[in-house]
1. Could you compute the longest span of chain A free of trypsin sites (Lys or Arg not before Pro) located in DSSP loops and having at most 13 other Cβ atoms within 10 Å, not counting the site residues?
2. Run the dipole for the stretch A:283-370 about the Cα centre, Lys and Arg Cβ at +1, Asp and Glu Cβ at -1, nothing else charged, and hand back the magnitude in debye, nearest 20.
3. Can you give the translational diffusion coefficient of the stretch B:141-224 in µm²/s, computed by Stokes-Einstein from the Kirkwood radius over Cα pairs at 4 °C and 1.567 mPa s?
4. Helix-only estimate, please: 222 nm mean residue ellipticity of chain A, summing -39500 (n - 2.57) across DSSP H runs of length 4 or more and dividing by its residues, to the nearest 500.
5. Rounding to the nearest 20 debye, state how big the charge dipole of the stretch B:2-98 is about its Cα centre with +1 on each Lys and Arg Cβ and -1 on each Asp and Glu Cβ.
6. Could you tell me the largest-minus-smallest coordinate of the C-alpha atoms of the stretch A:133-239 on each of the three principal axes, in descending order and whole angstroms?
7. If I ignore ligands, DNA and RNA and count only protein heavy atoms, how much of B:Ser28 is accessible to a 1.4 Å probe, in Å² to the nearest 10?
8. Taking just the alpha-carbon atoms of the protein assembly as shown, what radius of gyration and Dmax come out, in angstrom?
Amino acid sequence: MPRKGILVDRPFERLTREQAELIHQASMQILTDPGLISFNREAVDILHSHGAAVESIAGDHQSWQVKIPEQLVLKALDTAPKTVKLGARNPDNALIMHGDEPRVYLITGSETNIWLDVDFPTYVNKADPTKEIRVPEFKPRRGTIDDLCQSAHVCEHLEMVDGYIRTVNIQDRDITEENKDVNKFFASLNNNTKHFMSGLTSLKQLDNVVRMAELIAGGKKALEDNPIISFITCLVKSPLQFVDDTTETFIEVCRRGLPIVVSSSPQAGTTAPIKEAGIMAQINAEVLAGITLGQLVKPGTPVLYGSVPVRARMDTLGDSYGSVETSQYNIDCVQMARFYRIPNYSTSGVCDSKIPGQQSSIERLFSDMVVTMSGPQYLHCAFGLLDCNSVFCLLQAVLDDTHFKMIEFFLRQPRVDQPELEAMLKQIRDVVATSQKLYIGHIRPVLRSGEISGVYPFEGSGEADDVFELAHERMKELLARPVEHIDRETTARIFEEIPGILPRLNIYESGS
Amino acid sequence: MSKDIIATIKENVIQGRKTQGDVGIDDSLAGTPGVVELLQQALKSNVSPQVIISEGLTAGMQVVGEKFSTKEYFIPDMLASAEAVGAAMDIMKPVLESANVETKGKFAIATVKGDIHDIGKNIVAILLKGAGYEVHDLGIDVPTEKVVEFVKEEKPGYLGLSALLTTTMTEMGVVIKALEENKLRSSVKVLIGGAAVSEEFAQEIGADAYCVNAFDAVKVLEGY
Ligand code: B12
């Protein structure tokens with residue numbers, strides 16, 4: 001049984017069918033004029049051998065202008081699977097995504113450099129020293145592999161988290177470009193039994209991490225049936241360029257038939273038009289180009305239509321994930337993916353705010369709600385991410401989980417049918433006939449059935465806002481709750497066969 | 001046998017099952033007799049009413065109160081238990097009277113003149129009945145004369161007044177004055193409650209107590 005996710009009954013859409021059709025046509029035109037610039041030779045060869053017009057561009061870096069004809073794209077859209085399964089160490093955590101079914105899975109990530117610790121020092125009122133309050137203080141520092149283990153551990157226990165993308169970049173002294181991939185994969189997989197998706201730091205490590213996944217899943221065939229890992233590559237650099245190394249990685253992952261996200265992250269205002277129609281036509285062309293390449297490498301490769309569109313901040317020209325337009329673009333992309341019936345990877349929840357607080361809560365709740373309502377299959381909703389994707393705070397992730405429970409509850413389908421209404425008519429008549437005319441007696445049969453939403457779980461007892469402290473308590477509780485690690489035997493084999501994993505990650509040997 | 005039935009009554013009070021048809025807090029007692037049926041059996045087999053009250057009903061309510069304070073129970077649970085006890089007290093009233101057993105006393109309650117809010121008042125009535133008081137609900141928008149007449153005729157030990165409006169809360173002072181004029185004030189403790197009123201207001205009009213909520217009312221009454 002796969003995870004349930006949130007089934008959105010009637011997804012919210014911004015575009016009419018005609019508008020989606022117009023965007024599709026515009027994207028097709030973009031792919032032939034101006035077409036794409038590829039810095040990767042192999043991609044050029046593959047596309048060229050299937051009929052794309054190719055022309056070399058003079059310059060320091062070798063690159064080619066590639067014009068992809070519409071039929072090629074349409075054929076790729078045909079061979080791309082309409083249902084994608086993402087497996088998991090615990091098979092009950094598998095995710096099954098149908099491109100035409102708005103069932104939303106909620107995913108963490110992505111990698112930030114900074115980890116935010118929280119502490120609650122006591123402050124004394126100057127005017128009245130008998131008055132003391134505890135105030136949350138957030139302290140940023142560089143992320144480590146221990147942090148990654150902690151985050152994977154807590155996310156294992158966060159009910160609304162359906163899949164794990166690592167939240168923090170491991171910057172320990174003993175982590176190098178060579179050993180980073182095997183360590184981040186092992187740390188995540190060992191502390192979390194949900195689906196694990198990741199990018200690759202070094203293509204050289206691809207076979208090592210695939211081997212690790214095979215050992216955990218129980219062999220090559222078992223991994224095919226239960227792909228416990230998948231990959232994400234930003235092969236596209238907006239506007240309309242295939243980057244050399246990520247495209248190479250993308251091609252190699254496709255060859256191995258493992259699920260992969262083709263993702264593009266244009267920034268409206270700088271790397272895409274600031275206007276909705278413009279960024280939509282462009283991002284759609286970029287993602288379709290990636291999907292086309294992937295399907296030419298290996299028809300039937302499971303791909304996700306990955307969209308991370310964002311608007312620029314006008315004060316810094318950095319990404320403004322908190323801006324309202326960012327949610328609009330994301331919802332449009334969800335709709336375009338559904339238009340092609342390909343499962344969608346979408347984004348919400350990342351906020352501009354640097355620390356947990358009012359701004360972060362409002363920004364993320366806003367985009368989490370609206371984007372979830374549009375029904376993406378794989379929603380990278382960024383549990384715990386702050387400061388436009390550069391800071392991660394576990395406390396915030398705990399809060400996000402709570403807020404997603406509210407969204408999940410809100411999106412439940414109404415129960416209005418004949419038997420229900422008949423029961424209600426009887427109840428109304430019964431109660432009206434009593435002297436007190438109160439329905440309270442009828443609450444009880446549903447009180448503990450899960451049909452009534454709870455009070456905000458971090459509500460304090462007095463006037464003070466205790467949300468952070470209570471969420472922090474909850475976080476500590478979750479950390480204290482054990483997770484199911486990879487078993488001793490498999491761990492031993494992984495350490496034997498795969499070079500570079502830090503010995504301290506071996507819980508059976510390091511004594512921790 | 002009598003021990004068993006009393007323990008079962010207590011268990012049903014905790015579960016908030018007035019009659020056989022009621023759902024409890026869980027399914028464990030589903031379909032078995034509720035407080036009312038058990039009480040009738042107990043009375044038939046001559047179990048002492050005092051024992052039923054103290055070891056069955058009151059002991060059960062005490063557990064309910066504890067569960068409420070530890071947040072295991074919600075208000076609807078508390079009210080279901082209180083209603084079960086209330087129904088039991090109704091059945092036992094003639095028995096107690098003929099056996100000359102003293103009850104916890106009569107409690108009259110009303111929403112004052114001009115005010116129709118009654119949710120809070122009803123909750124207070126249910127809970128006090130469940131706590132063993134003989135509750136007389138005079139209704140809403142009750143004129144002062146009617147309250148005074150009731151106190152004169154029925155001699156309740158306690159009078160509860162509810163007002164939710166700043167425009168009707170002054171009626172509470174009018175009721176107290178009228179009780180004084182009719183030389184009835186010392187015969188009855190006056191408790192007031194409702195969103196409009198406060199501790200200070202209670203003092204100002206000479207009420208005996210202000211209650212924030214129904215549980216507070218039980219506590220205040222226990223103090224007398
Ligand atoms: C529900 C409600 C109504 C319902 C009443 C339904 C009903 N069956 O009672 C309706 C819609 C009919 C209604 C009507 C009106 N309402 Co109204 N109503 C409310 C509301 C939202 C909640 C009251 C309530 O039931 N609370 C839930 C119960 C459980 O709580 P409670 O009543 O406080 O009772 C608890 C305690 O106070 C205590 N308690 C209460 N009474 C007693 C008595 C004793 C003896 C004891 C020991 C304890 C006790 O124990 C109870 C249980 O724990 C309040 C808002 C508020 N903050 O209270 C406004 C409110 C009371 N209403 C208000 C108003 C203005 C009106 C109207 C005048 C509106 C209009 N313009 O028509 C009319 C009143 C007409 C009239 N003549 O009375 C105002 C009053 C403002 C003011 N001036 O004081 C309020 C405060 C809303 C507001 N902020 O504007 N109302």
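1. On the way: sites that count: A:Lys4, A:Lys126, A:Lys131, A:Arg173, A:Lys275, A:Arg412, A:Arg415, A:Lys437, A:Arg448.
By the stated rule (loop sites, at most 13 other Cβ atoms within 10 Å), A:276-411.
2. Details: 7 positive and 8 negative charges, 64 e Å.
Computed charge dipole of the stretch A:283-370: roughly 300 debye.
3. Numbers: Rh = 12.8 Å.
Using the Kirkwood radius from Cα pairs, D works out to 101 µm²/s.
4. Numbers: 16 runs with 206 residues, N = 512.
Result for chain A, helices only: -12500 deg cm²/dmol.
5. Values: 8 positive and 13 negative charges, 37 e Å.
The dipole of the stretch B:2-98 has a size of about 180 debye.
6. 58, 35, 33
7. Roll a 1.4 Å probe over it and B:Ser28 shows about 80 Å².
8. So, for the protein assembly as shown, Rg and Dmax equal 33.9, 111 Å respectively.
The values are calculated or read from the model by the stated rules, or taken from the named source; none is laboratory data. Note that this is a predicted model, so its numbers are computed, not measured. Every residue, glycine as well, gets a Cβ built from its backbone with ideal geometry; the counts of neighbours run over all protein chains shown. With ligands, DNA and RNA removed, areas are computed over all heavy atoms of the protein, side chains included. Shrake-Rupley method; radii C 1.70, N 1.55, O 1.52, S 1.80 Å.
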